[in-house]
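Just below is one structure, and these are the notes that go with it.
The values are calculated or read from the model by the stated rules, or taken from the named source; none is laboratory data. This is a predicted model, so every value here is computed, not measured. For neighbour counting, all protein chains shown are included, and Cβ atoms are generated from backbone atoms with ideal geometry for every residue, glycine included. Note: areas computed on protein heavy atoms with side chains; ligands, DNA, RNA excluded. Shrake-Rupley method; radii C 1.70, N 1.55, O 1.52, S 1.80 Å.
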Amino acid sequence: MVSAESTTPVHDAAAGKAFYVTTPIYYVSAAPHIGNAYTSVAGDFLTRWHRQRQAPVWYLTGTDEHGEKVLRSAETAGKDPQSFTDELVASAWQPMLNTVDIANDDFIRTTQPRHVERVQRALTAFYERGDIYLGEFEGLYCVGCEEFKLPGDLEPGEGEYEGQMVCPMHGKPPKSVAEKNYFFKLSAYVDKLLAHYEANREFVVPESSYNEMVSFIKSDLRDLSISRTSFDWGIPLPWDPEHVCYVWFEALLNYTTAVGLFDEPGSEGAAKFAGTWPADVHLVGKDIARFHSVTWPAMLMSLGLDLPKQIFAHGWLLVGGKKMSKSKLTAISPNDITDVFGSDAYRYYFMRAITFGGDGSFSWEDLGARYNNDLANGLGNLASRNAAMIGKYFGGSLPAAGEATAAEAAVRELAEQSIAAAEAAIDRVALHEAVSSVWQMVDRANLYITEQAPWVLGKQADQLVDGSRLATVLVTVSESLRVIAVGLNALMPKVSAQLWESLGAPAALGSLAEQPIQTAAAWGRLPAGTPITKVNLFPRIDLAALEADEA
Ligand code: MSP
């Protein structure tokens, strides 16, 4: 779990360098499920927030297309692996980004020449440095994980695998493999890795992952087998093309090949590399934290490159207490949810309901309840009531506020505090906390409306003028909504744009994207006379009718 105490932000935007965030590159063995989309949404929320700071950002995602797992899936589908991945990327993986509204800057596929060429350069560099040698290997390999397993990694099987030891993630026994492989000298980096961990306490977050990685590094770290000869769906090793590169070894390099690794000095790629690397945050699920926190830094040390500033290992979406997965057929597709609730509600739910860094169980009931309570009743109602009252009492034009009282001062103060708290939470990648901090404003504005009862004031004729108490109350709510729109733009871009529009803000203040989050809470920005128009941000959804449909 992410600690709630504030720590020094690790993500200081060094002059000119983009805030660089990555997701894992996804295996194109099947269509995406909400567990995969979870990492993408988290990265999108984080990067859109940094863009709202008006900072340069680079957000990379993509697909991992080589290796045995993808090859076997292609064979099962009766296709060659290249057409299989081409089709699946185009029909499922890229559309998933639209489904959940991801604004990535780049999408890398490991079958693209830009990746293949740069991986080969990197392989040559490891080889020339003496970090790769030829050896014999015998071990247990799980194709689902694309990883060799140690006996201690396995658990007793159930059902058809009763009596055998199986991979806990995939429920199947790993296969026994004996091959002549090339190895990467991972064990040579133990001391350097430990020193880096010691000096950078936030290199791996949350702390539980950090501790797990340190004990893993201390426990007899073995060299890594990095090539395969039993199939050819991969990148050939430049000095021995009978071997293809182990899928993880080339996949990790994507974070650098996508931004111009080892391009000629003076080239566009070299400039891109200087402007992005090292990455600020690699977002990964905890199941793949070891590869990112141990193998990857050792590879970078070998290449003489800077290490990423942070690896953030998030938890799992669980179904029936187990990790949701394609192979266990417990996968739910993001479309199933967005078709009913829309992409903004989707993003809100996953970022708010689950502590980022911990596991969480998805449930339709919980999602439906949050949609109606938080979104339709909470935010949606606030915006529509405010617009309706300004329409009724002031002809749809924002009045001029009168003198502020303690009640208005409290609303304003809370706006400042909640933006500041959200900013601090974002620096710790405590994404759920950032959402709840912004949401304090929604709750506070609703409470303020109830306390001030503008509908009662509206019955008095002398209130229907500039400077009245009624005018002050409605301006205060409108200002809160303006701050909320800026504060929620990273999380719910579509709805925030609608809200911005309904507040007449584009003409008065410019586009939502160009409102710096740091000064969003500065009060009194919407000028008197701004047209406020009706809006229905979250149409109510009849959950009982939905359930009846499902039955
Ligand atoms: N291809 C590798 C990553 C290589 S990165 C250099 C891979 N791909 S994956 O498709 O299996 O998983 C991609 C991401 O989805 C991982 O971060 C994984 O943790 C995440 N998730 C898969 N199932 C998940 C849940 N049920 N819940 C949350 N995230 C999950 O691993």
Practice item. Using the 4.7 Å Cβ rule, please list in number order the cysteines from the chain without any candidate partner. Key: CYS245
Review point. For the peptides 173-183, 392-402, 421-431, what is the packing order when you average, over each peptide's residues, the other Cβ atoms within 10 Å and list the highest mean first?
Key: 421-431, 392-402, 173-183
Revision key, fill the gap. Over the chain, with neighbouring protein chains present, the accessible area per residue in Å² at probe 1.4 Å is 40 Å²
Point to revise | Spatially proximal lysines relative to LYS322 (Cα-Cα < 24 Å; intrachain offsets below 8 disregarded) | key: LYS69, LYS149, LYS172, LYS175, LYS286
Revision key, fill the gap. With Rh as the Kirkwood radius over Cα pairs, segment 391-430 has Rg/Rh of 1.24
Check your understanding: Which of the peptides 27-40, 534-547, 49-62 is most tightly packed, and how do the rest follow, going by the mean number of other Cβ atoms within 10 Å of each residue?
Key -> 27-40, 49-62, 534-547
Exercise for review: Before anything else, pin down the relative contact order of the chain: Cα pairs under 8 Å, at least 6 apart, normalised by residue count, whole percent.
Suggested key: 17 percent
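Roughly how compact is segment 421-486, stated as its Cα Rg over 2.2 N^0.38 Å to two decimals? Kindly include the intermediate steps, with their values, before the conclusion.
On the way: Rg = 15.6 Å, N = 66, 2.2 N^0.38 = 10.8 Å.
Normalised Rg, Cα atoms only: 1.44.
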Practice item. Let me know the Kirkwood hydrodynamic radius for segment 445-551, please, with Cα pairs as the basis and the value in Å to one decimal. Key: 15.7 Å
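How long are the three semi-axes of the equivalent ellipsoid of the chain, in whole Å, if each is the root of 5 times an eigenvalue of the C-alpha gyration tensor, listed from largest down?
Values: eigenvalues 483, 127, 81 Å².
In descending order the semi-axes read 49, 25, 20 Å.
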Study note, to complete from the structure: The ratio Rg/Rh over the Cα atoms of segment 180-303, Rh being the Kirkwood inverse mean 1/r radius, stands at 0.99
Study note, to complete from the structure: Rounded to a whole %, the carbon-and-sulfur portion of the accessible area of the chain at a 1.4 Å probe is 52 percent
